[in-house]
Every structure is written in C-alpha cells, then in structure tokens.
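Working notes, structure below.
The values are calculated or read from the model by the stated rules, or taken from the named source; none is laboratory data. Here the structure is a predicted model, which is why all the values come from computation and not from measurement. Heads up, the Cβs are rebuilt from the backbone with ideal geometry, glycines too, and the neighbour counts pull from every protein chain shown.
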Amino acid sequence: MKTRLFAIMFAVAVFVGVNASTSRGQTSQSIQVDVPFAFTANKTIHPAGRYRIEPASDTRAVWRIRGSRIRRYEYLLATSLGGTPRGDLTVTFHQYGNKQFLAGFKTPSYEVSLPVSNREKKLRQGQEEALVRHAVINLETVTGGSR
C-alpha cells in the first residue's frame with residue numbers, strides 16, 4: 001500500500017514539475033472562497049478561512065489549494081473534469097455531522113470532482129450525507145508568468 005501511494009505521489013510530482021516548466025504565457029483561472037468551517041482535503045484538516053484554488057497543470061487534472069495563512073500549496077488530483085458548466089461559481093463540500101470534506105468546485109470553464117477519502121467513506125456508512133455549497137467570492141484570470 002505504501003509503495004503504491006509513493007508511486008502515485010511520485011508520478012503526480014513529476015507531472016506537475018513537467019507542466020510547471022512549460023506553463024509560462026498561459027492563461028489560467030483561480031478562485032478564492034471564504035470557508036466558514038474547518039474541512040478536510042487530501043487527509044489534511046484545514047482551518048476556516050480564505051482559500052485560493054488554481055490549476056497546477058494545463059490539463060487541469062492537478063489543482064492546488066492554499067489558505068491565506070498557509071505558505072505552501074497542497075495539490076489536489078481531480079477524479080473527473082467536465083467542461084463548460086452552467087450556474088454559479090461554487091466550492092462543494094460533503095458534510096457528515098460536524099465534519100466537512102472538500103468534494104469539488106466549479107469555475108466558468110470547468111467542473112472538478114475530487115476523490116473521496118477513506119475517512120469520508122467510513123463516515124458515509126453511518127450517516128446521511130449533506131451537500132454544502134459556498135459561492136466563490138473572487139474569480140481571477142491570470143495571463144503570463146508561471147502559475
């Protein structure tokens with residue numbers, strides 16, 4: 001299990017590194033959202049606060065998230081990616097009791113779903129899921145430079 005996880009993390013790191021070096025001069029969109037509660041993404045519990053989500057690759061298969069009080073990015077691997085969504089810009093969470101998990105987000109160009117963690121799967125067995133949606137407070141389109 002650890003070997004498989006290491007292999008996946010290594011492949012993602014190589015993929016991000018290759019795409020980061022070729023991303024200059026590209027146009028990308030990033031979103032900002034104020035999350036009023038703590039939530040889990042990638043097995044990490046993030047405190048309530050303002051977060052920025054942006055693509056880490058041109059394919060939009062890898063995204064990165066960073067809180068306003070956190071210096072480093074955390075990478076998110078999309079499980080599904082749809083184009084040209086309609087409706088409001090949103091960040092979606094799954095809620096089980098008082099625990100929230102980042103489930104995905106929607107920009108004008110993409111709708112991204114994120115994988116379900118083992119912890120969320122266990123909570124899902126015993127409780128009913130509630131979807132919590134938060135409106136994006138800012139959408140930026142950045143042109144040029146590295147992302």
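Hey, can you tell me all the residues within the stretch 33-42 that are surrounded by fewer than 17 Cβ atoms within 10 Å (Cβ to Cβ) and in a strand (DSSP E or B)?
First, pick out the residues of the stretch 33-42 that are surrounded by fewer than 17 Cβ atoms within 10 Å (Cβ to Cβ): 34, 36-38, 42.
Scanning the stretch 33-42 gives a single hit, 34.
Just for the stretch 116-127: of the residues that are of a type outside the set (Lys, Arg) and loosely packed, with under 15 Cβ neighbours inside 10 Å, which one is modelled with the lowest pLDDT?
126
Can you tell me which residue within the stretch 72-103, out of those that are at pLDDT 80 or above and farther than 27 Å from residue 128 by Cα, is surrounded by the fewest Cβ atoms within 10 Å (Cβ to Cβ)?
Checking each candidate, the answer is 72.
Which condition breaks for residue 43 when tested against (1) at positive phi; (2) within 11 Å of the chain's Cα centre (by Cα)?
Result: residue 43 fails condition (2) only.
Just give me the residues in the stretch 72-85 being in a loop (DSSP other than H, G, I, E, B) and under 12 Å from the mean Cα position of the chain (by Cα), in sequence order.
First pass over the stretch 72-85, keeping only residues in a loop (DSSP other than H, G, I, E, B): 72-73, 78-79, 84-85.
Matches in the stretch 72-85: 73, 78, 79.
Would you mention how many residues in the stretch 43-71 are surrounded by fewer than 16 Cβ atoms within 10 Å (Cβ to Cβ) and part of a strand (DSSP E or B)?
Number of matching residues: 4.
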